[in-house]
Amino acid sequence: MTASNKHIIKTSNLTIGYSTKKKVTTIASNLNINLEAGNLVCLLGENGIGKSTLLRTLTKVQPALNGAIFIEETNLKDLSNLDLSKKLSLVLTEKLPESSLTVFELVALGRQPYTNWIGQLSTKDVEIIQLALKQTNTLHLTNAKYYELSDGQLQKVLIARALAQNTSIIILDEPTAHLDIHHTIETFTLLKELATKFGKTIIISTHEINLALQLADELWLMTSQGLTSGKTSKLIETNQLNSLFNSELIHFDKSLKQFTISKSK
Amino acid sequence: MILKQKNYHKTFIYLAISLVIFFILNVSLGSVFIPLKQIIIALFDGKIENEAWKTIVLNYRLPKAITAIIVGSGLSISGLLMQTLFRNPLAGPFVLGISSGASLGVAILILGASFLGINTLAFAFSNWGLALAASLGSFLVLSAVLLAAIKVRNTMSILIIGLMFGSLTAALISVLAYFSSASQLQQYLFWSFGSLGNLSWKEIGALFTIFCLGVFLVIFIIKPLNSLLLGENYAKSLGVNIKLTRNITLISTSLLTGVITAFSGPIAFIGLAVPHLTKLLFKTSNHKILIPAVAISGAIIMLICDSIAQLPNSEYTLPINAITSLFGAPIIIWLLIRKRKIY
């Protein structure tokens, strides 16, 4: 790694958690991340370990308790919402509020950081929206209402919205949680393609460990000890994955490159 | 791939034509029969056979029709803003207790005059006093509901909190009423029936000025309101200043609801029902289309309600509030039953 290699996301001694007037709840501390552009990253960890909290902190939804986050070498604290919206886009797990938005209108909302005060779309904006729909293979859905879509289609449309936002980073919180295996694989390969073909930096929190092992360039393993990050192959090599689950039920099989059920002794 | 650009021009033209028709219909109906031709002549200030007719049309019916338009538009826009801000299809100025807040402001002014003593009474009778008190009242309740809404994310809870605030203000009004004189009570009661008449041209000017101010503010939040359709987190990730958007919505809604309630009394269901009917007609959630559409539809429906309240060719006028409830409540029930979802 040369010094000129820019870190697209970097954290130094980051502490995440929640603070209220009464008390401070620390979820994880001393998180150090150095991520280079164009990678597909999968964030793995047990339920409740703090994956969502980490993503919420990285995306400025909630403040860091301590330490600093740098997005494209700028401190997150110094970025306004609008600045950040041109660098980082989101795909969330939360249900969309009821509305009669069409797929086109939904994806078009991704252009908001670039449009004028009343949100007028230029010809260029429309081209970018159509390109995003094409890249996610959802162009045929353009005029459908979003509530008519299946879960798999909606997920692709939400990814199209993030693409239309034209950011170098896309962060997705459990994007395949409601999908069957076909649509899960489809979503993952789509994201992989976006990373390799278009140099997007994509961070996914997921429980699809086997897919992550096959497709991710880098893994972030979150355990109660903290965060281990590294190239997927290296983490497999050094057997780091074994520490992911604090359980005697399963273990990581290095030769099979997957988790297997431990045989009872 | 052809992008189906929906053309809303046609629907807008139909709406505008309906507005003109119902406006003329509204002006031509009343306790005294005046031929349509004479009304149109009177409106354009031509020579009319009967001076009395001219006075009736220009000083009574025309101000009332214009008030109906402002009231219908303003309440409907308020309702639409509430529905988007609270992510709740059942939100509206009446449901969330904002109209009750305005009522409380007015009640304190009219009924509480004896507590506050002396000159408030003279102030209360000036409509500016009413407008100020009502706007403050609605602003207060809306802020309280909004504070609760930030803490409580569940939309059903927010509705219940709004209803509770409505009950609280109603209780406070009852306490005030208990200690008030009969004449004060009567004055408050008549105000609470709602009335579109009785406004002088000067008062309509005041109403119109504040209405314009409220609507002017709304124009600047059309874009962030659209992104709020995806929820607050997405809106924030799109660079929206949520706090500012919320505050502008808060101010413009309390201005609109407050001043309208002050001049015409609390009017139920317009703010809740009209946005739904409009969304049904236009099949869009885009605020750039919806805001003007809701404004025109609200005006039309208010004109119709007022025409019915007139009980054409009779001497009686029904309370406008009763008519809007008779019209609005069944529509909401019908919408809930007919479609599983309402947006």
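Residue selection: A:Ala162 fails the criterion of being surrounded by 20 or more Cβ atoms within 10 Å (Cβ to Cβ), of a type in the set (Gly, Ala, Ser) and more than 14 Å from chain B (Cβ to nearest Cβ). Do we have A:Ser89 as closer than 22 Å to B:Ile242 by Cβ, surrounded by 14 or more Cβ atoms within 10 Å (Cβ to Cβ), at pLDDT below 95 and of a type in the set (Gly, Ala, Ser) here? It is false that A:Ser89 is closer than 22 Å to B:Ile242 by Cβ, surrounded by 14 or more Cβ atoms within 10 Å (Cβ to Cβ), at pLDDT below 95 and of a type in the set (Gly, Ala, Ser). The range B:1-98 holds helices (runs of 4 or more DSSP H) entirely within its bounds, and those carrying 1 or more residues that are more than 23 Å from the chain's Cα centre (by Cα) map to B:9-28, B:36-43, B:51-55. Among residues that are within 28 Å of A:Ile9 (Cα to Cα) and more than 16 Å from the chain's Cα centre (by Cα), A:Leu244 is included.
Scan the range A:85-137 for residues that are without any contact (Cβ under 8 Å) to a residue 12 or more places away in the chain, more than 8 Å from chain B (Cβ to nearest Cβ) and over 22 Å from the mean Cα position of the chain (by Cα) and jot them down. If the condition is that a residue be without any contact (Cβ under 8 Å) to a residue 12 or more places away in the chain, more than 8 Å from chain B (Cβ to nearest Cβ) and over 22 Å from the mean Cα position of the chain (by Cα), then A:Asn116, A:Gln120, A:Ser122, A:Thr123, A:Lys124, A:Glu127 are the ones that fit. Looking at A:Gly230, A:Gly152 in this structure, which one is surrounded by fewer than 18 Cβ atoms within 10 Å (Cβ to Cβ), away from chain B (no Cβ under 14 Å), at pLDDT below 95 and assigned to a strand (DSSP E or B)? Just a single option satisfies the conditions, and that option is A:Gly230.
When each of B:Ala235, B:Ala262 is tested for being crowded, with 24+ Cβ neighbours inside 10 Å and either touching a residue at least 40 places away in the same chain (Cβ under 8 Å) or closer than 30 Å to A:Thr167 by Cβ (or both), the lone residue that passes is B:Ala262. Scanning the range A:64-84 for residues that are assigned to a loop (DSSP other than H, G, I, E, B) and free of Cβ contacts under 8 Å to residues at least 12 places away in the same chain yields a single hit, A:Ser80. For the range B:199-225, the set of residues classified as exposed (fewer than 14 other Cβ atoms within 10 Å of the Cβ) and outside any helix (DSSP H, G or I) consists of B:Ser200 only. Taken over the range A:233-265, the criterion of being in a loop (DSSP other than H, G, I, E, B) and in contact with a Leu (Cβ under 8 Å, 6 or more places away or on another chain) is satisfied by A:Leu244, A:Lys257, A:Ser262.
The listed residues are A:Leu58, A:Leu79, and the only one of them that is closer than 19 Å to A:Asp173 by Cα, within 14 Å of chain B (Cβ to nearest Cβ), among the hydrophobic types (A, V, I, L, M, F, W, C) and surrounded by 13 or more Cβ atoms within 10 Å (Cβ to Cβ) turns out to be A:Leu58.
For every residue, the table says whether it meets (1) among the small types (Gly, Ala, Ser); (2) within 28 Å of B:Ile150 (Cβ to Cβ); (3) within 14 Å of another protein chain (Cβ to nearest Cβ); (4) more than 12 Å from the chain's Cα centre (by Cα).
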residue: B:Tyr188; (1), (2), (3), (4): no, no, no, yes
residue: B:Gly197; (1), (2), (3), (4): yes, no, no, yes
residue: B:Phe208; (1), (2), (3), (4): no, no, no, yes
residue: B:Leu217; (1), (2), (3), (4): no, yes, yes, yes
residue: B:Ser227; (1), (2), (3), (4): yes, yes, yes, yes
residue: B:Asn233; (1), (2), (3), (4): no, yes, yes, yes
residue: B:Leu250; (1), (2), (3), (4): no, yes, no, yes
residue: B:Leu272; (1), (2), (3), (4): no, yes, no, no
residue: B:Lys283; (1), (2), (3), (4): no, no, yes, yes
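Looking across B:Lys202, B:Lys243, B:Lys151, one residue alone is charged (D, E, K, R), without any contact (Cβ under 8 Å) to a residue 40 or more places away in the chain, more than 14 Å from every other protein chain (Cβ to nearest Cβ) and out of contact with any Leu (no Cβ under 9 Å at 6 or more places or on another chain). It is B:Lys202.
The values are calculated or read from the model by the stated rules, or taken from the named source; none is laboratory data. Computed from a predicted model, the values in this text were never measured in an experiment. With ideal geometry, Cβ positions are generated from the backbone for all residues, glycine too; neighbour counts draw on all protein chains shown.
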